[in-house]
Structure formats: structure tokens, C-alpha cells
Amino acid sequence: MDPEVIVSGVDESTVTGPPADVALTLAVRKATAVAPRCPDALVLGCDSVLDLDGEALGKPADTADAVDRWRRMRGRSGVLLTGHCLIDTRTGRDTAEVAATTVHFADLTDEEITWYVGSGEPLRVAGAFTIDGLGGPYVERVDGDPHNVVGLSLPLLRHLLVDVGESLAALRS
């Protein structure tokens, strides 16, 4: 069975605190909001934030915010944190963890920042960057799980499945 995406409707702006706590709280709230609508299912809620100098950076508010972030990020590193919460609605078992990946940003020129933000892509994603889209050339390297930066840590998902008594192999059968 293919996964189904269900929007939780959780207001991300209401959660504040240390970046790892924000990522985990949002993932738990999203999974918890969707789970009652999905009997007999595995529900996975995820949310990412970029930890830059201890500040949790989700999606930028607007173009000016995205430009400001890139001016702060260029030539530096941040930690992309993705909270994952898995709920088995058949058994009521649940588990949650945060995956962390260090992202090293290129030293972009103002022209590159203007172009990239103007593409609109950074406005739709946590931290105002992607590695699997137009932002890929602006990430010099990642230390850790690259899947996490895309938004879902596949190795962590495997561990979460084991925690609730499932396995990837069983799901594929």
C-alpha cells in the first residue's frame, strides 16, 4: 500500500522553545491530530526546523525573511532537526524521536540569494532551503542522514517501526 498524505491542520506558529523540542512537539501534534481519522493504520507525523545559533527556523514568513536568513546562513553551518512521531492506531503504540543532520551552506553572493529566494522555493520549506531542488547547489555538504534534510529520516523510520512492533519488510509483503 502506498502512503497517503493527510494535512494535520496543526498551527506551527504556536510552538516555541529549543529547536529540537519544537521539531518533536510539532511532529507529535501532527501525528496525534491525524491518528483519529485513520483507524487500522500507521500514522507518521514529521516536522523540520533548522537550528541556527539556537533559534528554530521553520518556513520563512515572507521573501524578506528568507533573504535575511540566507544572509545569516551563507558560509556557515546549521543543524536540520526533524521530529518524527509514529502511531500505530491498531495497537495504540507510539514512539517519537528527532533526527539531526548538520548542513554546511555555501558562501552565497547577494545575487545568488536574490535569485534563489525569487524562485519561491525557500518560502515553502523549513530553514528556507532544500537539497533536492534548486537549493542543492547552495549546500556544500551534509554530515549525517541526507534523507533527514529532505524531511524524513529513513533509518530513523526503520527504528520507529521496530519500536511499535513493525518492520519495513512486513509492510512491503
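Report in % the part of the accessible area of the stretch 55-173 that belongs to carbon and sulfur, leaving out ligands and nucleic acids; probe 1.4 Å.
Ligands and nucleic acids excluded, carbon and sulfur give 50 percent.
Over all directions, what mean area does the Cα convex hull of the stretch 1-49 project, stated in square nanometres?
Its average projected convex-hull area is 3.6 nm².
Note down the Stokes-Einstein diffusion coefficient of the stretch 118-173 in µm²/s, whole number, using a Kirkwood radius over alpha carbon pairs, 10 °C, and 1.306 mPa s.
For these conditions, the coefficient is 120 µm²/s.
Give the Kirkwood hydrodynamic radius (Å, one decimal) of the stretch 49-173, defined as one over the mean of 1/r across all pairs of different Cα atoms.
Averaging 1/r across every pair of different Cα atoms and inverting gives 15.6 Å.
Would you mind pulling out the separation of the Cα centroids of the stretch 53-105 and the stretch 1-45, in Å?
Going from one Cα centre to the other spans 14 Å.
Using each residue's phi in the stretch 54-62, evaluate 6.51 cos²θ - 1.76 cosθ + 1.60 at θ = phi - 60° and report the 3J(HN,Hα) Karplus result to the nearest Hz, with x for Gly and Pro.
Karplus values, whole Hz, x for Gly and Pro: x, 9, 8, 9, x, 6, x, 5, 6.
Put a dot 7 Å past each Cα toward the Cβ at Ser77 and Ala64; how far apart are the dots in nm?
Those two pseudo-labels are separated by 3.3 nm.
Please compute the per residue accessible area over the stretch 21-173 with all protein chains in place, 1.4 Å probe, rounded to a whole number of Å².
48
When only the heavy atoms of the protein chains count and the probe is 1.4 Å, how do Leu24, Leu134 rank by accessible area, highest first?
Largest accessible area first, the residues go Leu134, Leu24.
Would you please calculate the Kirkwood hydrodynamic radius of the stretch 56-121 over all C-alpha pairs and express it in Å, rounded to one decimal?
14.2
Convex hull volume of the Cα atoms in the stretch 8-97, per residue, in Å³?
91
The values are calculated or read from the model by the stated rules, or taken from the named source; none is laboratory data. Worth saying up front: this structure is predicted, and the values here are computed from it rather than measured. Cβ coordinates were reconstructed from backbone atoms using ideal geometry, including for glycine residues, and neighbour counts include every protein chain displayed. The protein model used for the area step is the full one, side chains on, heavy atoms only, and it has no ligands, DNA or RNA in it. Shrake-Rupley method; radii C 1.70, N 1.55, O 1.52, S 1.80 Å.
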